[in-house]
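Please read the structure below before turning to the comments.
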Amino acid sequence: MTDPDQAERLKALEAKIEALKGPVQTKKHTDEHYSQAHLAWRMVIEMVVGLLIGFGMGYGLDSLFGTLPIFLVIFTLLGLAAGIKVMMRSATEIQQTQTAETARDKLPEQTGGDERARDGD
């Protein structure tokens, strides 16, 4: 058994810890807005970079071989396809992250209660 002095010290320590933790920070609406804008810009940049790389490669090959702009058209379309593919992969990654966060927020706290029920016994 613990003596009363240790119990009081333990309560004082718990109070200090709670005071240092402070209130729970909630996410502001503007923060959420900026994070969504960041994701949108990320996808736009991925698409444009794919187009520019394809355009540059096609233009370079056309200049090198002295051909009609056939390589320019082909590689620009390939760059577009690559940009769309990367953009879709990013959208899937973002969706999975948001789904995991939503599922985590909806789970009830696993504190207290029957230990055997929590462990699945």
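Just so it is clear, none of the values below were taken in a lab; they were calculated from the coordinates. Bear in mind that the values here come from a model prediction, so they are computed numbers and not experimental data.
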Problem - Length gained when the stretch ILE45-THR99 is fully extended (0.36 nm per residue, less Cα-Cα span) - result: 17.0 nm
Practice task
May I ask you to list the lysines whose Cα is less than 30 Å away from that of LYS21, ignoring any residue fewer than eight positions away on the same chain?
Solution key: LYS11, LYS106
